[in-house]
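Colleague: Have a look at this one.
The values are calculated or read from the model by the stated rules, or taken from the named source; none is laboratory data. All values derive from a computational prediction rather than experimental measurement. No Cβ is skipped: glycine too gets one built from the backbone with ideal geometry, and neighbour counts run over all protein chains shown. Side chains are part of the model used for accessible areas, which takes the heavy atoms of the whole protein and leaves out ligands, DNA and RNA. Shrake-Rupley method; radii C 1.70, N 1.55, O 1.52, S 1.80 Å.
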Amino acid sequence: MTTTTETYGVDPTPTPLALLLLGREADPNSERGVECPGDLPAASDPDLVERARAAKAALGDRVFILGHHYQRDEVIEFADVTGDSFKLARDAAARPEAEYIVFCGVHFMAESADILTGPAQQVILPDLAAGCSMADMATAEQVAECWDVLTDAGIADVTVPVSYMNSSADIKAFTGKHGGTICTSSNAERALEWAFEQGEKVLFLPDQHLGRNTAVREMGLSLDDCVLYNPHKPGGGLTVEQLRDAKMILWRGHCSVHGRFSLDSVNDVRARIPGVTVLVHPECKHEVVSAADMVGSTEYIIKALDAAEPGSKWAIGTELNLVRRLAKAHPDKEVVFLDRAVCFCSTMNRIDLPHLVWALESLVEGRVPNVITVDPETEKYAKAALDRMLALP
């Protein structure tokens, strides 16, 4: 079959909705914080490729480069390993001989790598502006205030915090300090099962959709068992009775990329491509997940495409860089992006080849840029939460 852009469907025609640049326009159908920047900047100077190769060769085993699945191809080319955030942090911990861990991802990922790596290793984020909108939706002060609300309602002592990996070190530390655990999109069900063995309720941070989808789809809870805590409203916008009746207290946070997909996206792609299999990430909204054929983590999505039959048709609801890469890797299958609007992870894409080259060349010159360091107290409790996750069967 011909492997054209039209066949792949991973370069949708830009629309006004797809070009919501810098907040110049608003999309009333999107969740707060959702942006679709439209397209990536122009390709990097080809000379940078040779400079990156030269710098990496000069550093040798002293440097270990991690590349998250959502990174650009020009960055992934230089990654020693690729994966999701937790896999990469564990890969870094397994390379104690590497002095420098260059994390091509976002800030919370580099924090997790610093927590799990040795004291002699330094974790570097090529661009300090590479953050995560979801992680930023829960601050330490807001979560402490939430815990006070739960305490006043008389339920804190029966509530177990479970925090998604996509959270700051401060939130992971809060979770560890209050007897909770961390989860990934792959093991969220097991983490919730563990939490309900410890207490009666779960405070799930910071992604409401992963918490709701796991509780309702995988564990048999009802939507009525879930309440949404809004940190911008007094008492989270909930009554004491609502808090006491709930089993899942979901934080009002979401992924700015996965929150973009809608039920209309699913219906539209089914109308356009008969026989298509819709595969989405569990960070998508509940109605999108309910309408999809398959739901799973980034690693699950990759494995599903690897195992798919030639000639099969797939609409993928996750970050566009990964969907493009999957389309190129599987020319025998029709792989399209679930939504017509172009949605990159804008903060992830701050890590580009110029920033990577700058970081590597700085190391060659003896300068260590953009070191990510978690303070000992925060690291202690965050690691306790991570260790609980690692101990899950």
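Colleague: Between Asp73 and Asp264, what is the label-to-label distance in nm when each label sits 7 Å out along the Cα-to-Cβ direction?
Modeller: In this crude spin-label approximation the distance works out to 3.1 nm.
Colleague: Apply the Kirkwood formula to region 211-370: the hydrodynamic radius equals the inverse of the mean of 1/r over all pairs of different alpha-carbon atoms; give it in Å with one decimal.
Modeller: Evaluated on region 211-370, it is 18.2 Å.
Colleague: While we're looking at this one, here's another question. I'm checking a number: the convex hull volume of the Cα atoms of region 176-229, normalised per residue, in Å³. What is it?
Modeller: Working: hull volume 4.5 nm³, N = 54.
About 84 Å³ per residue, rounded to a whole number.
Colleague: Another question about this same structure. When the Cα atoms of region 138-195 are enclosed in a convex hull and the volume is divided per residue, what value in Å³ results? Before the final figure, lay out each step's value.
Modeller: Values: hull volume 4.2 nm³, N = 58.
Dividing the Cα hull volume of region 138-195 by its residue count gives 72 Å³.
Colleague: What percentages make up the Cα-Cα pair-distance distribution of region 310-393 when the bins are 5 Å wide from 0?
Modeller: That works out to 3, 11, 12, 10, 9, 13, 17, 14, 8, 3, 0, in percent per bin.
Colleague: As a check on your grasp of the helix formula, calculate [θ] at 222 nm for the chain: sum -39500 (n - 2.57) over DSSP H runs of n ≥ 4, divide by the residue count, round to the nearest 500.
Modeller: Helix-only estimate at 222 nm: -11000 deg cm²/dmol.
Colleague: I would also like to ask the following. Please get the size of the charge dipole for the chain, origin at its Cα centre, with Cβ charges of +1 on Lys and Arg and -1 on Asp and Glu, quoted in debye to the nearest 20.
Modeller: Values: 36 positive and 58 negative charges, 68 e Å.
Rounded to the nearest 20 debye, it is 320 debye.
Colleague: Once both labels are modelled 7 Å past Cα along the beta-carbon direction, what's the Asp45-Ala57 spacing in nm?
Modeller: 2.0 nm
Colleague: Send over the semi-axes of region 40-106's equivalent ellipsoid, whole angstrom and largest first, taken as the square roots of 5 times the C-alpha gyration tensor eigenvalues.
Modeller: 21, 17, 7
Colleague: Additional query: On the accessible surface of region 149-235, probed at 1.4 Å, how many percent belong to carbon and sulfur atoms?
Modeller: 43 percent
Colleague: Considering only protein heavy atoms, what per residue accessible area in square angstrom results for the chain with a 1.4 angstrom probe?
Modeller: 41 Å²
Colleague: Also, I was wondering about something else. Pull out the extension gain between Val158 and Gln198, defined as 0.36 nm times the separation in residues minus the alpha carbon to alpha carbon distance; nm, one decimal.
Modeller: 13.6 nm
Colleague: Report, for the chain, the % of DSSP beta bridges that are antiparallel, rounded to 5. Write down the numbers at each step before the final one.
Modeller: On the way: 1 of 37 bridges.
Here the share of antiparallel DSSP bridges comes out near 5 percent.
Colleague: Another one. Using modelled backbone amide H atoms (1.01 Å from N, in-plane), which distant-in-sequence or interchain residues come within less than 5 Å of Val123's amide H?
Modeller: So Val123 has HN proximity to Ile101, Ile372.
Colleague: Same structure again: Of Lys87/Lys328; Lys177/Lys247; Lys56/Lys303; Lys177/Lys303; Lys247/Lys313; Lys56/Lys172, which sit over 28 Å apart, Cα to Cα?
Modeller: Lys56/Lys303; Lys177/Lys303; Lys247/Lys313; Lys56/Lys172
Colleague: Hey, what's the Kirkwood Rh for the chain if you take every pair of different alpha carbons, in angstrom?
Modeller: 21.7 Å
Colleague: On to the next question. At 0.692 mPa s and 37 °C, plugging the Kirkwood radius over alpha-carbon pairs of region 87-229 into Stokes-Einstein gives what diffusion coefficient in µm²/s?
Modeller: After rounding, the answer is 203 µm²/s.
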